[in-house]
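Structure first, commentary second.
The values are calculated or read from the model by the stated rules, or taken from the named source; none is laboratory data. The structure displayed is predicted, hence computed values, not measured ones. Cβ placement follows ideal geometry from the backbone for every residue including glycine, while neighbour counts extend to all protein chains displayed.
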Amino acid sequence: MKAAVLYGKEDVRVERREIPPVREGEVRVTIEAALTCGTDLKVFKRGYHAKMIVPPAVFGHELAGTISEIGAGVKGWKSGDPVVVANSAPCGHCFYCKNDQENLCDDLLFLNGAYAESIVVPSRLVQKNMLKLKPKTAFKDAALTEPLACVVQGLEELQPRAGQHLLIIGSGPIGLMFVALARQAGCVVTVAGRGKERLETARKLGANNVIDVTHKSNLVEAVRAAAGEPFDAVIEAVGKPETWEAATQLVRKGGKVNFFGGCPTGTTVTLDTALLHYSNITLLATFHHSPKAIRKALEFIESGVIRAEDFVTGESSLTGLPDLLKSMAAGNKAVKTLIRVKE
């Protein structure tokens, strides 16, 4: 089969690979939709991800498709079933799984290989994080389930209330998903971000206020000048130390900050201890998702709250993926791109 393989830093090659066998408890899924992702871009730029993927390995993790082969012992599924598959599954037995923190599982089993014609889904994922789609659910919509589940996890940990004023720093796919779900929860939402198309999408998804911080050297001053009052909660969806630090300066006394965006390994932040202490600020940092969040995300998609048409802004052939990733690394502001794995 044809697949995109990560070999190292900014080295992805589309090549022919042997079709792996389906073992007991596993299923093969023919991929109908695969989407680009900010995490994949980070992995492309770094050449690896300590938890998720060690090269050389088939790349990509946002996918939906159709079951085309079933291994021995698999029950409740049949060939032809349309499914979405998450990119991980927890063990169910460790301390964190037993304490309702499955996103922190000590033995998370990750799945990569979305940028290919098919993928073999391990038994644990078949059991815990492979979901059947409704007949009318488009594969392109369903492929948004995994990143949306991370956003669901982030909002559940933040626990915003209807009527609260939220600031979302970042207008990439994750920031935009936060806009949609926060508005669904009844919050008043301000977005601070860059990119004309992305900011227009934020407005379309219901953002009450959009602040273009392009060419702004001081994020805090730019937001304060445009918004005035501090916010009940701030979600950092960029993943840079300077925006982590800015988030703490933009939240009100007694407010909450979610450091959602993961910063590069080895980076540090400097926080004003007096500000945090005397303003009684709560700091959170959400990582990944749980099976519960995966299911809730698919519910949002199948009810029409989240639609691919708001997030998928382009298409590319599988052969064109390496050049697309290079373009993204150079600053391409596309929200998400659909990769056509069948050519």
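Table: residues versus (1) in contact with a helix residue (DSSP H, G or I) (Cβ under 6 Å, 6 or more places away or on another chain); (2) at pLDDT 95 or above; (3) assigned by TED's automatic domain parsing to the domain that holds residue 131; (4) part of a loop (DSSP other than H, G, I, E, B).
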residue	(1), (2), (3), (4)
6	no, yes, yes, no
12	yes, yes, yes, no
15	no, yes, yes, no
24	no, yes, yes, yes
29	no, yes, yes, no
39	no, no, yes, no
69	no, yes, yes, no
72	no, yes, yes, yes
83	no, yes, yes, no
What are the residues in the stretch 118-143 that are aliphatic (A, V, I, L, M) and closer than 26 Å to residue 73 by Cβ, if any?
119, 120, 121, 125, 126, 130, 131, 133, 142
Are any of the residues in the stretch 268-280 in a helix (DSSP H, G or I), hydroxyl-bearing (Ser, Thr, Tyr), modelled with pLDDT of 95 or more and over 23 Å from residue 153 (Cα atoms)?
yes
One residue from 305, 234, 238 being under 17 Å from residue 179 (Cβ atoms), assigned to a strand (DSSP E or B) and modelled with pLDDT of 95 or more
234
Meets criteria (in the same structural domain as residue 202 (by TED's automatic domain parsing) and of a type in the set (D, E, K, R)) for residue 256
yes
Flag for residue 202 being closer than 21 Å to residue 331 by Cα, in the same structural domain as residue 179 (by TED's automatic domain parsing), surrounded by 16 or more Cβ atoms within 10 Å (Cβ to Cβ) and modelled with pLDDT of 95 or more:
yes
In the stretch 300-330, which residue that is surrounded by 13 or more Cβ atoms within 10 Å (Cβ to Cβ) and without any contact (Cβ under 8 Å) to a residue 12 or more places away in the chain is nearest to residue 206 (Cα to Cα)?
327
